[in-house]
Amino acid sequence: MKVGIVVYSQTGNTLSVAAKLGEKLRAAGHSVTIEPIKLVGERRRGARDVALAPLPNPGPYDLLVIGSPVEAFSLSSVTMKALGQIGSLEKKSVLCLITQGFPLPWLGGNRAVRQMTRLCEAKGAVVRGGAIVNWVKKSLDRRIGDAVDKLAALV
Ligand SMILES: Cc1cc2nc3c(=O)[nH]c(=O)nc-3n(C[C@H](O)[C@H](O)[C@H](O)COP(=O)(O)O)c2cc1C
């Protein structure tokens with residue numbers, strides 16, 4: 001399957017999980033491209049007034065994984081903006097990958113998955129599921145591995 005991992009990552013956490021997922025999917029025989037959501041210029045911490053660089057084209061992919069951090073108990077405003085502007089996701093399968101700094105999913109992660117799901121469905125996607133990585137030191141590698149396994153099983 002042709003998989004696109006479209007990821008916004010300000011400090012590299014979400015991108016590092018995306019890279020691990022990409023390795024696993026490639027090892028399973030899929031064609032995987034990681035497509036970062038980029039900004040024009042620097043972003044001040046948490047700033048919402050960002051200019052997006054040209055967005056990845058979802059067209060070539062059978063399945064998309066959308067990756068994003070939580071910000072202020074919500075989906076990152078950058079990802080929201082990008083999903084508002086990205087091309088049609090009509091009939092594309094989508095998986096959600098969320099990372100968050102707090103240890104519990106109800107401190108923003110669950111809401112971010114719901115927001116991402118709604119935005120993708122509004123573009124015509126079929127959202128098959130998602131995973132949240134709580135970015136706290138204890139057992140982080142295991143939790144990243146669990147999220148990667150969960151998403152890979154949905155591909
Ligand atoms: C401005 C800002 C707001 C944040 N708000 C939250 C939050 O409400 N809940 C949470 O769990 N983590 C929050 N975080 C932590 C990030 O979600 C977490 O560090 C994430 O893994 C960062 O991903 P990235 O390295 O891919 O950008 C926030 C981080 C930033 C910079």
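Screening LYS81, LYS123, LYS92 for residues that are within 16 Å of the ligand (Cβ to nearest atom) and among the basic types (Lys, Arg) leaves exactly one candidate, LYS81.
Residue check, GLU23 against (1) assigned to a helix (DSSP H, G or I); (2) within 13 Å of the ligand (Cβ to nearest atom), all met but one. Which one? Going through (1) assigned to a helix (DSSP H, G or I); (2) within 13 Å of the ligand (Cβ to nearest atom) one by one, GLU23 breaks only (2). Taken together, ILE66, ILE86, ILE132 contain a single residue that is among the β-branched types (Val, Ile, Thr), under 25 Å from ALA47 (Cα atoms) and within 10 Å of the ligand (Cβ to nearest atom), which is ILE132.
Every residue, every condition in (1) in contact with a strand residue (DSSP E or B) (Cβ under 8 Å, 6 or more places away or on another chain); (2) surrounded by fewer than 22 Cβ atoms within 10 Å (Cβ to Cβ); (3) at positive phi; (4) in contact (Cβ under 8 Å) with a residue 60 or more places away in the chain, yes or no:
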| residue | (1), (2), (3), (4) |
| --- | --- |
| LEU104 | yes, yes, no, no |
| GLY109 | yes, no, no, no |
| LYS123 | no, yes, no, no |
| LYS138 | no, yes, no, no |
| ARG142 | no, yes, no, no |
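A quick yes/no check of all residues on (1) exposed (fewer than 12 other Cβ atoms within 10 Å of the Cβ); (2) under 18 Å from the mean Cα position of the chain (by Cα); (3) over 15 Å from LEU151 (Cα atoms):
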{"residue": "THR11", "(1), (2), (3)": "no, yes, yes"}
{"residue": "ALA18", "(1), (2), (3)": "no, yes, no"}
{"residue": "LEU21", "(1), (2), (3)": "no, yes, no"}
{"residue": "LEU25", "(1), (2), (3)": "no, yes, no"}
{"residue": "SER31", "(1), (2), (3)": "no, yes, yes"}
{"residue": "VAL40", "(1), (2), (3)": "yes, no, yes"}
{"residue": "GLY46", "(1), (2), (3)": "yes, yes, yes"}
{"residue": "LEU52", "(1), (2), (3)": "no, yes, yes"}
{"residue": "LEU55", "(1), (2), (3)": "no, yes, yes"}
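ILE98 meets all of the listed conditions (1) in a strand (DSSP E or B); (2) more than 14 Å from the ligand (Cβ to nearest atom); (3) under 16 Å from VAL7 (Cα atoms) but one, namely (2).
The lone criterion from (1) touching a helix residue (DSSP H, G or I) at 6+ places or on another chain (Cβ under 9 Å); (2) outside any helix (DSSP H, G or I); (3) closer than 16 Å to VAL65 by Cα left unmet by LYS91 is number (1). Please determine whether any residue of the stretch 34-45 is touching a residue at least 60 places away in the same chain (Cβ under 8 Å), within 13 Å of the ligand (Cβ to nearest atom) and closer than 19 Å to GLY87 by Cβ. Checking the stretch 34-45: not a single residue is touching a residue at least 60 places away in the same chain (Cβ under 8 Å), within 13 Å of the ligand (Cβ to nearest atom) and closer than 19 Å to GLY87 by Cβ. Can you pull out the residues in the stretch 104-155 that are of a type outside the set (A, V, I, L, M) and part of a strand (DSSP E or B)? Scanning the stretch 104-155 gives ARG128, GLY129, GLY130, ASN134.
Taken together, the values in this text are just the output of simple stated rules run on the coordinates, not laboratory data. All values reported here derive from a predicted model rather than from experimental measurement. Reconstructed Cβ throughout: ideal geometry from the backbone, glycine too, with neighbour counts over all protein chains shown.
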